Amino acid sequence: MDLLYSSTRNGEEKVTASKAILKGLADDGGLFVPESIPKLDVTIEELAKMSYQETAYAVMKLFFTDFTEEELKNCINKAYDSKFDTEEIAPLVEADGAYYLELFHGATIAFKDMALSILPHLLTTAAKKNQVNNEIVILTATSGDTGKAALAGFADVEGTKIVVFYPKDGVSPIQKQQMVTQKGDNTYVVGINGNFDQAQTGVKKMFSDKELAKELDAAGYQFSSANSINIGRFIPQITYYVYAYAKLYANGKIAKDEKINIVVPTGNFGNILSAFYAKNMGLPVAKLICASNENKVLYDFFETGKYDKNREFILTSSPSMDILISSNLERLIYWAAGNDAKKNVEFMTALTKEGVYEITPQMQEKLKDFYGNYASEEETAEAIRTLYEKTGYILDTHTAVASSVYGKYKAETKDDQTTTVIASTASPFKFSRSVMDAIDPKYDTMEEFELIDELSKIGNVKIPNAIEEIRNAPVRHKATCEVDEMPRVVKEFLGM
Ligand SMILES: *Cc1c(COP(=O)(O)O)cnc(C)c1O
């Protein structure tokens, strides 16, 4: 029997994994969730011997049950190959008593590569399985990293086109340069005059626009999403938590069944949701530590049970976490409400209408495995500087938020004995300006690429290919638009 997926906003409609991957978002605007979370069916001894690719199969076969073994292994092998600069794919690095799980060894040196290198293959396989003849148009809003990772994943993949919207003034110079130099005739990159939430809301609107869907269908197209709301994103991400746990065990760092903490620098709540799923699959996890930057909606939520997006939007040095509506949280809310779509709809309607909802104390009780905190800009910079001075290891700004929050967690709870994995979500080279400023203000006068050379020197790490590549690449995408022009821009690109 296949594991089926239903929408967080409607308990009735049930679809296979491949259909859920194809659709991205459910028709009612809800997110697809599996009817139940399957348990891992391999032992820790078996896991300890597995490669990243084998671990990925052990996890994904439980969720994507309508894919054949051959199909799934094909997708995995096409995704986790030499695009990654290490065979380990996601290495663990110990620094100052914590384990940094480096999720930035893929094509765009950020953690989005972990899922976006496999999504195009899951998607085209799912299309074939479901006799879809339309060309798939990937529509993505990005706060920086998703965009490039999606572009890199989909560029020149047959049967797909991809349109990426980014906030014109809300991404780092390197992030922008990476996107606007993207090759591939099926790619289109547009800067919007607005912030990430506006870009994401604009994309969501297009997804639920039935008229637009009809027009597209007539022209031989259909939308799909590469955003972290797609189950083809957050399910593959479960892999690296299982893999990290197994590596800790294999290397004698933890005993059998010993619980670990996981710290995740969080924005849209996709990455930490994957860790939550790993725990529910039976991985021994104690606390899920949710780290926010100054846009601390999630911290306030875990403290009070009240989600309130009505606040100033702050541009920080960790732009991929500058988010006021964490879309994937809906999956957790739905779960905490006892998989009750009706209740979830009430919360989500309140969020849309008033920008606020408050969960019940019973629901709050179910979320006690989560610990939330945040780091200010100063604390983030301090985390980079102190770890560098102590160990020589250089964190990016997002990971530094997590590192700082982990420090707060230890100070507050006195839990400093539990082995802890910190998701390291980007290479410091991607945010070299903020990283180098944090280490020493004297770097302030240097040009972007001078900084990169200097970072390589002082951190004793090789400059990643992803950076070398864009040094002299020509700009291919210059388009910008207003938020309400997004549908027109998409149609123009598709020649409609
Ligand atoms: C996307 C991103 C995050 C946030 O991940 P979510 O899954 O959206 O919570 C954190 N750090 C970096 C570098 C990212 O690119």
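Where strands (runs of 3 or more DSSP E) sit wholly within region 1-63, those with at least 2 residues that are more than 21 Å from G282 (Cβ to Cβ) occupy 5-7, 10-15.
For Q178, the criteria (1) farther than 19 Å from H121 by Cβ; (2) touching a residue at least 24 places away in the same chain (Cβ under 8 Å); (3) touching a strand residue (DSSP E or B) at 6+ places or on another chain (Cβ under 9 Å) hold in every case but one, which is (3).
Can you tell me which of L288, L298 is outside any loop (DSSP other than H, G, I, E, B), within 14 Å of the ligand (Cβ to nearest atom) and touching a Leu at 6+ places or on another chain (Cβ under 8 Å)? Of L288, L298, the one residue that is outside any loop (DSSP other than H, G, I, E, B), within 14 Å of the ligand (Cβ to nearest atom) and touching a Leu at 6+ places or on another chain (Cβ under 8 Å) is L298. Do we find a residue being on the phi < 0 side of the Ramachandran plot, within 16 Å of the ligand (Cβ to nearest atom) and open to solvent by less than 40 Å² (accessible area, probe 1.4 Å) anywhere in region 332-352? Checked against the condition, which is being on the phi < 0 side of the Ramachandran plot, within 16 Å of the ligand (Cβ to nearest atom) and open to solvent by less than 40 Å² (accessible area, probe 1.4 Å), region 332-352 yields at least one hit. Reported count of residues in region 27-46, each being open to solvent by 10 Å² or more (accessible area, probe 1.4 Å) and out of contact with any Leu (no Cβ under 6 Å at 6 or more places or on another chain), is 13. Would you please list the contacts, defined by Cβ atoms under 6 Å and residues six or more apart or on different chains, that run from a residue in region 246-272 that is farther than 14 Å from N293 by Cβ to a residue that is surrounded by fewer than 20 Cβ atoms within 10 Å (Cβ to Cβ) and hydroxyl-bearing (S, T, Y)? Between residues of region 246-272 that are farther than 14 Å from N293 by Cβ and residues that are surrounded by fewer than 20 Cβ atoms within 10 Å (Cβ to Cβ) and hydroxyl-bearing (S, T, Y), the close pairs are I254/T419; I260/T419; N261/T418. Scan region 65-105 for residues that are of a type in the set (G, A, S), at pLDDT 95 or above and in a loop (DSSP other than H, G, I, E, B) and the total you get is 2. Residues of region 142-162 that are in contact with a helix residue (DSSP H, G or I) (Cβ under 6 Å, 6 or more places away or on another chain) and either in a helix (DSSP H, G or I) or buried (at least 24 other Cβ atoms within 10 Å of the Cβ) (or both): S143, G144, D145, T146, G147, K148, A149, A150, G153, F154, I162. The residues on offer are G407, G355, and the sole one that is away from the ligand (no atom under 16 Å from the Cβ), under 24 Å from the mean Cα position of the chain (by Cα) and at positive phi is G355. Pairing each residue of region 112-134 that is of a type in the set (D, E, K, R) with any residue that is part of a helix (DSSP H, G or I), provided the two are 6+ apart or on different chains, yields C-beta distances under 6 Å for K112/D145; K112/T146; K112/A149; D113/A149; K129/S18. Checked against (1) in a loop (DSSP other than H, G, I, E, B); (2) open to solvent by less than 20 Å² (accessible area, probe 1.4 Å); (3) within 12 Å of the ligand (Cβ to nearest atom), L283 passes all but condition (3). Only residues that are in contact with a helix residue (DSSP H, G or I) (Cβ under 9 Å, 6 or more places away or on another chain) and free of Cβ contacts under 8 Å to residues at least 40 places away in the same chain were counted across region 366-382, and they come to 2.
The values are calculated or read from the model by the stated rules, or taken from the named source; none is laboratory data. Model, not experiment: these values are computed from the prediction. Virtual Cβ from ideal backbone geometry, glycine too; neighbours counted across all protein chains shown. Remember, those area values only see protein heavy atoms, side chains included, never the ligands or the DNA or RNA. Shrake-Rupley method; radii C 1.70, N 1.55, O 1.52, S 1.80 Å.
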